[in-house]
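Notes for the one structure printed next.
What follows draws every value from the coordinates through simple rules; no lab data is involved. What you are looking at is a predicted structure, and each value in this text was computed from that prediction instead of being measured. Don't worry about glycine lacking a Cβ; one is built from the backbone with ideal geometry, like all the others, and counts go over all protein chains shown.
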Amino acid sequence: MMKTWTLGKVMKRSKELSAHFRLLSGTVFLGILIFPTHLMAVFFLATENPEHNTTPPANAAEARAWGLQGIWRTCQGTPIAPRWFLSAKHIGGAIGDPFTVHGKTHYAIARILDPDSDLVLWGVTESFQDHAALFREGDEIGKRMLVFGRGEVRGRPVFLKTDTIQELKGWKRGSGQAMMRWGENIVTEIADDPVLIQEGLGHMIGAEFNREGLPDEAGLGPCDSGGGMFLWQDNEWKLAAINYAAGGRYKTTQQGNGFDAVLFDEGGLFACRDENCRAEDSWEFIEDDEVDQPGSIWGTRIQYRSSWIEENIAAMPDPETSIILESAQEPTGPFEAETAWSLSQIPLALEIRVPESRRFYRMKTTDRVRLLAPILSDDKLLLPFSGR
């Protein structure tokens, strides 16, 4: 049986692949093939304990990867350079939003969207304590990976009922916890279908959610989006992917609207293969074979976009260089560049000397931004700004 992607952004059907994920950030689960919903939180095959793996791993190298997971909006991001972190584009965000990692809050001052994947680079106000190396090789399949997320625990079990048995298939979405957790899995697939590339999603790496999995076999859910998938190479855990999607929408019978879930066996259920899951032909019945047909979790592949990442950071290692402040005596101009400014974090503002005469200011950066009401402080003038 051909698998299907449930994507956060609906993809057109193709003869090779019926594509359509559920994203991980609000309304959807993580995974592909069923490319599922936007994500919320790591949950486990072996336990429903919400406290499981909510502290750093005992292994020092794995604990370092844990420490590199920062809070971005309600989801996550990973520092990959002294002043830049990587996250999922579908999470959103704006100039001025906080990013907290290693117990310190940084503020976004630059944004670079990847036109060919779900990745986004955010530049921040101050340097990070540490940052992750990128996994640039193309040999991800078969490797053990660490996954990180914050949000939902697993929900109610999904059973397939027959006349004689009631078989557990997986779990529905649970409740939001906003709690960091880690898990593990094995990379089983590279998704590089032309449809994904045409839709601007790039390549994905996938891992199955198996019944007989690793000790901490993990699936993903809403708000795990932006979290890191790490692979071991050269004596360190390197960032190999950014959480994108998981699970899918299912029904146990032909009736009803279905439910979001991550399953270790889709056999015997109806799976949504369309954008809105409302039409009768949106649902496909999956034959219940003797062998499990597991759902998957998916992340945007770093190796595919590593050159884009490195080139953009090399072109702007200091995100402050993206900020242009100009002033004029009249609101209509002419405007000229102001170079004698510094960056203030609290409040997030440009700090300049109080001008000797009336001046009008405007600011430009990589993204939409607006100047707020100025603040006079002794001989300094603060020009607060925000992307919201």
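Going by average Cβ density within 10 Å per residue, which order do the peptides 162-169, 194-201 take, highest to lowest? Intermediate values should be presented prior to the final figure.
Details: 162-169: 10.6, 194-201: 17.4.
Ranking, from highest mean packing down: 194-201, 162-169.
Hey, with R₀ at 35 Å, roughly what FRET efficiency would Gln129 and Ile197 work out to, going by the Cβ-Cβ distance, to 0.05? Mind dumping the intermediate values first?
Details: r = 36 Å, r/R0 = 1.02.
My answer for the efficiency is 0.45.
Just to be sure I follow: if Rg is taken over the C-alpha atoms of the range 281-388 and Rh is the Kirkwood radius over the same atoms, what is Rg/Rh?
Rg/Rh for the range 281-388 comes to 1.34.
Taking the range 242-304, which GluC sites (Glu not before Pro) meet the DSSP loop condition and have no more than 10 other C-beta atoms within 10 Å? Kindly include the intermediate steps, with their values, before the conclusion.
Details: sites: Glu266, Glu275, Glu280, Glu284, Glu287, Glu290; in loops: Glu266, Glu275, Glu287, Glu290.
Those satisfying the criteria are Glu287, Glu290.
Tabulate in residue order the Karplus-calculated ³J(HN,Hα) for the range 341-346, using 6.51 cos²θ - 1.76 cosθ + 1.60 with θ = phi - 60°, rounded to whole Hz; enter x for Gly and Pro.
9, 10, 9, 10, 8, 10
Over its Cα atoms, what ratio of radius of gyration to 2.2 N^0.38 Å does the range 323-386 give?
Here the Cα radius of gyration is 1.04 times the empirical estimate.
Bins of 5 Å, beginning at zero and ending with the bin holding the largest distance: percent of Cα pairs per bin for the range 192-261, please.
P(r) over the range 192-261, rounded to whole percents: 3, 12, 14, 20, 21, 15, 9, 2, 2, 1, 0.
Based on the alpha carbons, how large is the Rg to Rh ratio for the range 238-311 when Rh follows Kirkwood?
Details: Rg = 16.2 Å, Rh = 14.2 Å.
Rg/Rh for the range 238-311 comes to 1.14.
What whole-number distance in Å separates the alpha-carbon centres of the range 78-144 and the range 266-321?
About 19 Å separates the Cα centre of the range 78-144 from the one of the range 266-321.
Measure of size requested: the Rg and Dmax of the range 91-164, with Cα atoms as the atom set and Å as the unit; please supply both.
Both quantities, over Cα of the range 91-164: 19.1, 63 Å.
Over all distinct Cα pairs, what is the inverse of the mean 1/r for the range 128-197, reported as the Kirkwood hydrodynamic radius in Å?
Evaluated over the range 128-197, this radius sits at 16.2 Å.
Using 0.36 nm per residue of separation minus the Cα-Cα distance, give me the extension gain between Asn59 and Thr162 in nm, one decimal. All intermediate terms of the calculation are to be shown ahead of the outcome.
Details: separation 103, 0.36 × 103 = 37.08 nm, distance 4.43 nm.
Extra length available between Asn59 and Thr162 comes to 32.6 nm.
Within 10 Å, count the other beta carbons around each residue, average over each peptide in 372-385, 294-307, 73-86, 136-149, and list them highest first.
Values: 372-385: 13.7, 294-307: 25.6, 73-86: 23.9, 136-149: 18.8.
Ranked from most to least packed, the peptides come out as 294-307, 73-86, 136-149, 372-385.
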